[in-house]
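J.: Dropping the structure in here first, questions after.
Any read-out appearing in this document is the output of simple, stated calculations on the displayed coordinates, not a laboratory observation. The shown structure was predicted, so the numbers you read here are calculated from the model rather than taken from an experiment. Quick reminder, even Gly has a Cβ in these numbers, built from the backbone with ideal geometry, and neighbours come from all protein chains shown.
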Amino acid sequence: MAKVSSTEKEIILIAPCGMNCGICSSYLAYSRNIPKKRGKVGHCIGCRPRNKKCVYIKCHCPLLSNNSIKFCFQCDHFPCERLKHLDERYRKNYGMSMIENLKIIKLDGMEKFIKNQNKKYMCLKCGAKISVHNKICYDCKK
Ligand SMILES: [Zn+2]
């Protein structure tokens, strides 16, 4: 199989809050055709592709809602209280920081960020992505 650059697809998976939907268990389950199980395995096509208002931030943010900004770091109030709450939850539960992600994107650019993400969340067995939520690789199930 030829290796195609999936950068555009990967960029679309970076949510306004700095979450990489590409390592979200719901996205991985959906994109790998893992059977949906109520309350167990969620399915999601990613925050941006879904284009639904994010319950954590977008519902409450006029700038994101009307597309004035694409990422939270473009806001004068970055990081706002809501983002800080979300960030705290993720740092505590999953060892990941949205705010750090956004700072890296702002500083180094999207391409570098995605490259590092791919390295950081790569399955050592098969090279696919592992989930930030449960550390499972949905390709080889390790
Ligand atoms: Zn794997």
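J.: Rg and Dmax of the stretch 13-120, Cα atoms, in Å?
T.: Reported Rg and Dmax, both Å: 14.0, 42.
J.: Hey, fewest Cβ within 10 Å first, where do R32, R48 land in order?
T.: Values: R32 13, R48 16.
Least crowded to most crowded, the residues run R32, R48.
J.: In what sequence do D87, D139, D76 fall when counting other Cβ within 10 Å, fewest first? Show your work: numbers first, answer last.
T.: Details: D87 22, D139 16, D76 7.
Arranged by neighbour count, lowest to highest, D87, D139, D76 become D76, D139, D87.
J.: Among the lysines, select those whose C-alpha is under 26 Å from the C-alpha of K119, and discard any that sit fewer than 8 residues away in the same chain.
T.: Straight-line reach from K119, under 26 Å: K3, K9, K70, K84, K92, K103, K106, K129, K135, K141, K142.
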